[in-house]
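Here's the structure, in structure tokens; my notes come after.
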Amino acid sequence: MSVPDRRAQLFRMEEARRHTQRQFDMIDRQIMRQMTAIIPQLKLQRIGHRRRNPADARALLERYRLKLAAITLQRQHEIDALSRKLARQDAAIKALRARLPPNLIRA
């Protein structure tokens, strides 16, 4: 394969990796959007009488973590698949860059 063909292939591979990363980021944004919508429902809950005992922030944080884990678990198969795909793409790009002359590789 000629150098221009390898450079074109490298460009296509890098573009495919950027697309995969955008998909991964989109899932992350969707999870964060869901969590943002859930936060008002979690509310700080007071223990005992409202004036004597302050709200329990630890309980709020625990409820938040449980909800986040549940939502993330629903999307875990997509997250895992995209993570594996990104790893494969990174390895392929690294291998192709190793075959190109150093002065023709753009950062």
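None of the figures in this text is laboratory data; all of them are computed from the coordinates on show. Remember, it's a predicted structure, so these values are computed and weren't measured experimentally. All Cβ positions, glycine included, derive from the backbone under ideal geometry; neighbour counts span all protein chains shown.
Above 23 Å lies some portion of the pair distances; for segment 3-104, what is it as a whole percent of all C-alpha pairs?
53
For K85, give me every one of the aspartates and glutamates with a C-alpha distance below 20 angstrom, ignoring sequence neighbours fewer than eight places off in its own chain.
Answer for K85, where 20 Å is the Cα cut-off: E14, E15, D25, D28, listed by chain and number.
Local charge sum around D5 (other residues, Cβ-Cβ under 13 Å, Lys/Arg +1, Asp/Glu -1)?
That works out to +4.
Could you name the lysines whose alpha carbon sits less than 23 Å from that of K67, not counting residues in the same chain fewer than 8 places away?
Within the straight-line limit of under 23 Å, K67 reaches these lysines: K43.
Rounded to the nearest 0.05, what FRET efficiency is calculated for Q23 and A95 with R0 set to 22 Å and r the Cβ-Cβ distance? Please list the in-between numbers first.
Details: r = 23 Å, r/R0 = 1.03.
Rounded to the nearest 0.05, the efficiency is 0.45.
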